[in-house]
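The values are calculated or read from the model by the stated rules, or taken from the named source; none is laboratory data. For clarity, every value in this text was computed on a predicted model and none was experimentally measured. So basically every Cβ, Gly included, is an ideal-geometry build from the backbone, and we count neighbours across all protein chains shown. Side chains included, ligands, DNA and RNA excluded: accessible areas come from the protein's heavy atoms. Shrake-Rupley method; radii C 1.70, N 1.55, O 1.52, S 1.80 Å.
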Amino acid sequence: MKIVQTDPAAIREAAAILAQGGLVAFPTETVYGLGADARNDQAVANIFAAKNRPQLNPLIVHVRDLESAAAYAEFDDRARALAARYWPGPLTLVLPRRANGGLSLLVSAGLDSVALRVPAHPTAQALLSGFDGPIAAPSANASGAVSPTRAEHVAQSLGDKVDLIIDDGPCTIGLESTVVDLSGETICVLRHGAVTLEDLTREFGTVADATADTDGTVKSPGMLARHYATNRPLHLNARSAAPNEAYLAFGETGPTRAAATENLSPSGDLTEAAANLFAQLRALDQPQFTAIAVAPIPDHGLGRAINDRLRRAATPS
Ligand code: AMP
Ligand code: MG
């Protein structure tokens, strides 16, 4: 791990690391982010591994401007109005993902939506320009720890799990971005932040608050995000598959009777398995198969996050 003060040389070094699939922590106006190339499944899987996240939840993709964002998601009039008003800034928009936009399916945790933000911070902007691509970035802390608002916090929490930390002093807002879902008819706040419910309501009329139940109690964050589910039933912990089933294997496998097989990681690497998970599930979720049988995945490290997603995908939401 290396900490460098922000300057053009630091930005060039960070952009080169991102291009090679590495991890760079960088400041935004909200908190420090742990960034990876949002088009690279393996690099995005490295984010989950570095944070030791118990869940593969969708990540925010940072882009330079509205024009770049429009390459990855569909913007309706409301989305354009919100972007015009708050970008660059601490607002994240959850929008329909363009299927051929080139983003890793892992950043969307398999969903048909994607969360996009244009940060205002000059170092974040310089990195987005220098890298010239989308950067997936959750907060740069180990899972369960508070979000970092200084480079030292990142170093303490992630240590050698991050290749480079760009230091540009404390974050000015220090709170995560507001997340707004535009997939339904009503604008819906999924996470509160610096852009408030009152701000949004004043300008856009009715805005729903998904973080509170009708009686005002706070919902747990895990209840908020929808999750990817296959159309075919999933049979977990399956050591083999029936001839009319597809098989999602892990590690060394002998010949199976399955109609089609994908292997999450022939060498048994859990980061590689996370990188392949959603793309391979989608590839096997075809009408000619009666079900998808999934091999047992070791329940440690990133394996716990993979098993969590598989259990959710196996249960209709
Ligand atoms: P983080 O990247 O850790 O700052 O958190 C991202 C936030 O955005 C979480 O609260 C996610 O649940 C939410 N989010 C990201 N992508 C999506 C999506 N496609 N659909 C719904 N919520 C999302
Ligand atoms: Mg966080």
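Just a few scattered comments:
- On the stretch given as segment 104-113, residues that are more than 16 Å from ligand 2 (Cβ to nearest atom), of a type outside the set (S, T, N, Q) and assigned to a loop (DSSP other than H, G, I, E, B) total 3.
- Residues considered: LEU91, LEU128. Of these, the only one that is open to solvent by less than 10 Å² (accessible area, probe 1.4 Å) and in contact with a Leu (Cβ under 8 Å, 6 or more places away or on another chain) is LEU91.
- Residue within segment 108-120 that is open to solvent by 30 Å² or more (accessible area, probe 1.4 Å), more than 13 Å from ligand 1 (Cβ to nearest atom) and over 22 Å from GLY22 (Cα atoms) present: yes
- Test: residue in segment 133-150 that is away from ligand 2 (no atom under 16 Å from the Cβ) and either assigned to a helix (DSSP H, G or I) or among the β-branched types (Val, Ile, Thr) (or both): no
- Exactly one residue out of GLU203, GLU198 is open to solvent by 50 Å² or more (accessible area, probe 1.4 Å), away from ligand 2 (no atom under 16 Å from the Cβ), closer than 19 Å to GLY89 by Cβ and in contact (Cβ under 8 Å) with a residue 24 or more places away in the chain, and it is GLU203.
- Taking segment 44-61 as the range and being farther than 14 Å from SER104 by Cβ and touching a strand residue (DSSP E or B) at 6+ places or on another chain (Cβ under 9 Å) as the test, the residues that pass are ALA50, LYS51.
- Residues located in segment 26-45, provided they are within 14 Å of ligand 1 (Cβ to nearest atom) and small (Gly, Ala, Ser): GLY33, GLY35, ALA36, ALA38
- 1 or more residues within 16 Å of ligand 2 (Cβ to nearest atom) and out of contact with any His (no Cβ under 7 Å at 6 or more places or on another chain): qualifying strands (runs of 3 or more DSSP E) within segment 1-103: 24-27, 32-37, 60-62, 91-96
- Among the residues of segment 24-49, the ones that are open to solvent by 10 Å² or more (accessible area, probe 1.4 Å) and within 14 Å of the chain's Cα centre (by Cα) come to 7 in all.
- The residues in segment 76-86 that are open to solvent by 30 Å² or more (accessible area, probe 1.4 Å) and in contact (Cβ under 8 Å) with a residue 12 or more places away in the chain can be counted, and the count is 6.
- Selection from segment 156-178 of residues that are buried (at least 20 other Cβ atoms within 10 Å of the Cβ), touching a residue at least 40 places away in the same chain (Cβ under 8 Å) and assigned to a helix (DSSP H, G or I): LEU158
- The residues of segment 114-123 that are over 15 Å from ALA70 (Cα atoms) and within 16 Å of ligand 2 (Cβ to nearest atom) amount to a single one, PRO119.
- Close pairs (9 angstrom Cβ cut-off, 6 or more residues apart or separate chains): on the phi > 0 side of the Ramachandran plot in segment 296-317, open to solvent by 60 Å² or more (accessible area, probe 1.4 Å) anywhere: GLY301/ASN52
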